[in-house]
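The values are calculated or read from the model by the stated rules, or taken from the named source; none is laboratory data. Given the structure is predicted, the values throughout are model-derived calculations rather than measurements. Using ideal geometry, Cβ is built from the backbone for each residue, glycine included, and neighbour counts are taken over all protein chains shown. We work out accessible area using only protein heavy atoms, side chains counted, and drop any ligands, DNA or RNA first. Shrake-Rupley method; radii C 1.70, N 1.55, O 1.52, S 1.80 Å.
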Amino acid sequence: MELFNVYPVNPINIVKAKGSLVWDEQGTEYLDLYGGHAVISIGHTHPHYVEALKNQLDKIGFYSNSVLIPIQQQLARQLGEVSGKADYTLFLCNSGAEANENALKLASFHTGRKKIIAFNKAFHGRTSLAVAATDNPSIVAPVNQTDNVVFLPFNDEEALTKAFQEYGDEIAAVIIEGIQGVGGIREASVPFLKTIRSLCDTYGAVYIADSVQCGYGRTGSFYSHDYAGVDADIYTMAKGMGNGFPIGGISIAPKFKASYGLLGTTFGGNHLACAAAVAVLDVIKEENLLQNAEQVGKYLIEELKKFDQVLEVRGRGLMIGIELPADLAQVKKDLLSINKIFTGEAKPNVIRILPALNITKEIADRFLTAFDERLKA
């Protein structure tokens, strides 16, 4: 049997990793400033993380949600503390798409409505409703297509207000990334997020903050949307939550009422996944990683803006997009092949920087030096 060929793959076999460094089978060292789509939040093989997983696996790795799993409550308590949302409740699942799927479903249950507002260049996942709210027709199968999702221009308060005036009593939810990742590192403006909050309050709709990629401390705030100074009704999360172990979740405002069977999952919230997530929160708190993400990210953004060939630097904290002209489209590939640095991309010519939250200024300088070399080549 062969693998179903749906991924373009770099011909590099990574066999070892530590912190922000990885090594291939020949022993070649690479700098990882992408973390597998913002997944590696506390660095590869962090000692506390590795020990937590080993200890948990020696006890029990999995049982279903049909029994008490105390580490789930521990995770919820720590998440409430670190995020500043202690009065919210937590539903655990396995991925970002599943988190968004459950958030949208819960919003529909809560309101009794069907219509979803999403935005141009949004990416919310690949499962049925999450992909229907994703602005990429090439990955939306016919069975996923629905008239229930309306796409509006990103950061357009007038268009959003008009949509609510037109069919506000049909709208179940507005879902938005605080910073669009796949969409090119585009930040939702403070006035726009405040408008979403105000309109959802007025019309009884649910504000869903997709924090799957832009959350979990990446921007210096725990949820990137928090810079607007208003609370969402549901926060979705996944990528950085388990530092590579699959886990996702939704943080749910007090106004939502739970009932048996309303939501469900087999693997979500298992012992091993929760041990990974607890370890991540331990490290975020003990190593002051929110502050580090803000400080190192600010330094990187300020330095990147000094390069004349860069068209625009976008983002916040350690979620950074570097837009280059078309004649420099090769820079990302050359950073990997020549300088041995992993970065991400957004079409057509945006380099995405999504490193671990504990990177140092020295690592940032190593990238800046390499980037300078590539622009001068």
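Please find, within the range 1-15, the residue that is least open to solvent (accessible area, probe 1.4 Å) out of those that are under 24 Å from the mean Cα position of the chain (by Cα) and not hydrophobic (A, V, I, L, M, F, W, C).
So in the range 1-15, the residues under 24 Å from the mean Cα position of the chain (by Cα) come out as 6-10, 14.
Retained after the next criterion (residues that are not hydrophobic (A, V, I, L, M, F, W, C)): 7-8, 10.
On the way: Y7: 166, P8: 129, N10: 82 Å².
By that ranking, first place goes to N10.
Taking the condition surrounded by 17 or more Cβ atoms within 10 Å (Cβ to Cβ), among the small types (G, A, S) and either over 30 Å from K361 (Cα atoms) or in contact with an Asp or Glu (Cβ under 6 Å, 6 or more places away or on another chain) (or both), does S259 pass?
On the way: surrounded by 17 or more Cβ atoms within 10 Å (Cβ to Cβ): no; among the small types (G, A, S): yes; either over 30 Å from K361 (Cα atoms) or in contact with an Asp or Glu (Cβ under 6 Å, 6 or more places away or on another chain) (or both): yes.
When the stated conditions are applied, S259 does not pass them.
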> Would you pick out the residues in the range 326-374 that are among the basic types (K, R) and assigned to a helix (DSSP H, G or I)?
Replying inline: K332, K333, K361, R366, R374
> Can you name the residue in the range 21-52 that is touching a Leu at 6+ places or on another chain (Cβ under 6 Å) and hydroxyl-bearing (S, T, Y) and, of all such residues, is surrounded by the fewest Cβ atoms within 10 Å (Cβ to Cβ)?
Replying inline: Y34
> Given the conditions (1) open to solvent by 20 Å² or more (accessible area, probe 1.4 Å); (2) on the phi > 0 side of the Ramachandran plot, which single one is not true for G125?
Replying inline: (1)
>> Between a residue in the range 148-163 that is under 14 Å from Q180 (Cβ atoms) and any residue that is outside any helix (DSSP H, G or I) and open to solvent by 50 Å² or more (accessible area, probe 1.4 Å), which pairs come within a Cβ distance under 8 Å, given they are 6 or more apart or on different chains?
In response: F151/N120; F151/D135; L152/N120; P153/N120; F154/N120; F154/K121; F154/R186; N155/R186
> If you go through the range 298-308 one residue at a time, do you hit one that is within 21 Å of the chain's Cα centre (by Cα) and open to solvent by less than 40 Å² (accessible area, probe 1.4 Å)?
Replying inline: yes
>> Within the range 212-234, does at least one residue satisfy the condition of being within 19 Å of L290 (Cβ to Cβ) and part of a strand (DSSP E or B)?
In response: no
